[in-house]
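See structure below.
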Amino acid sequence: MSIAQPLDPYLPRTTQQGSSTQQGGHPHPSATASPRPTGTDTLDVTIVLPCYNEQEHVLAEIERITTAMDGSGFSYELLVIDDKSTDNTLKVLQEALPYHPSMRLMPFRRNGGSGTARRIGTGEAYGRIVVWTDADMTYPNERIPEFVQYLLDNPDVDQVVGARTTEQGTYKLLRVPAKWAIRKIAERLASTRIPDLNSGLRAFRRDVSLPYLRLLPPGFSCVTTITMSFLSNQHSVDYLPIDYAKRAGSSKFHFVKDAYRYILQVLRMVMYFNPIKVLMPLALWILGLGVVKTVVDVVRYNFHVTPSALLLIVSGLIIGSMALLADLIVRSRPE
């Protein structure tokens, strides 16, 4: 067994033994303890497991996942990505590799964030179905075979998401109302009910996800992005209720920064796929205020229209024109 040396995951490099080739021809080094068929669609399932400073509990998570998958009958790989941990996580993973023949280890040369790890892992997955989950003991990973089977039993569904029934994260008093508000904005923009917008446990069809991987941001909002990308393009997304446990180790979530990114990413996704839904209501509201203000000015000031009324009307027309132009660009854009 040989362990590939960590390389920069963002730069092109030549193919080497133990490497896989990402869409676009940029291979990323990985290592496995047992030779097996490699390449796209050679397995039923790839479980992408990003790890960053998880040395205390990552082995327990790996055991839980492999035990469930070994008993499922699915051919699978557990693609563990060490995101340049600053503790002994990589060493723990390297020592565990010989004891888990279905595990593939991909170490990063620099920290790229969970979104980067999931994007690269999905691009280089060997499985037809890709599962995203976390290594912090919060998600019921023993239920991963259930999620995979759900997709197999429902060929019209492209993604199934674990909808959490409880909130156990840090800043609970702030997170619950903030996440509710963001989810309601997303539901309004996507015109569909979304029980859990940013759950970290999900399974989806790899071939459906490929066009959207380039849109994934590096941080936590990648899960929001993949949900909104599927919904905005009329891909079916179903939800299964799951329990959510208290995380092991310290949280990497930053309330203000990550909440802002969630909101921004929801708006960005809808703007990318359906900009008229964001801009046109705003344009019509401003234009309507301008018209009402104009009528009031005509009555109050003897047919004299104030500059504020003209400004509202012109602003509404400009934003409406931008909405139509953006919609035209989106519809003419090759996918």
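The values are calculated or read from the model by the stated rules, or taken from the named source; none is laboratory data. Here the structure is a predicted model, which means the values were calculated and not measured. Methodologically, a virtual Cβ is constructed for each residue, glycine included, from the backbone with ideal geometry; neighbour enumeration extends over all protein chains shown. SASA here: full protein model, heavy atoms, side chains in, ligands and nucleic acids out. Shrake-Rupley method; radii C 1.70, N 1.55, O 1.52, S 1.80 Å.
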Problem - Extension reserve of the residue 184-residue 317 stretch, reckoned as 0.36 nm per residue once the Cα distance is removed - result: 45.1 nm
Exercise for the section: Indicate the gyration tensor shape class of region 80-143 (rounded, prolate or oblate), computed on the Cα atoms with a ≥ b ≥ c the square roots of the eigenvalues: a/c under 1.5 is rounded; otherwise a/b larger than b/c is prolate and the rest oblate. Expected result: rounded
Fill in the blank from the handout: Rounded to one decimal in nm, the spacing of the 7 Å Cα→Cβ label points at residue 192 and residue 285 is 2.5 nm
Handout entry: Pairwise FRET efficiency - residue 64 versus residue 94, Cβ, R0 = 22 Å, nearest 0.05
Key = 0.65
Exercise for the section: Could you rank 291, 92 by how accessible they are, 1.4 Å probe, largest area first? Expected result: 291, 92
Exercise for the section: Report the extension gain between residue 72 and residue 310 in nm, rounded to one decimal, defined as 0.36 nm multiplied by the number of residues separating them, less their alpha carbon distance. Expected result: 79.0 nm
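Go through 246/277; 179/277; 84/184; 179/246 and tell me which ones have a Cα-Cα distance over 29 Å in this structure.
Violating the 29 Å limit, Cα to Cα: 246/277; 84/184.
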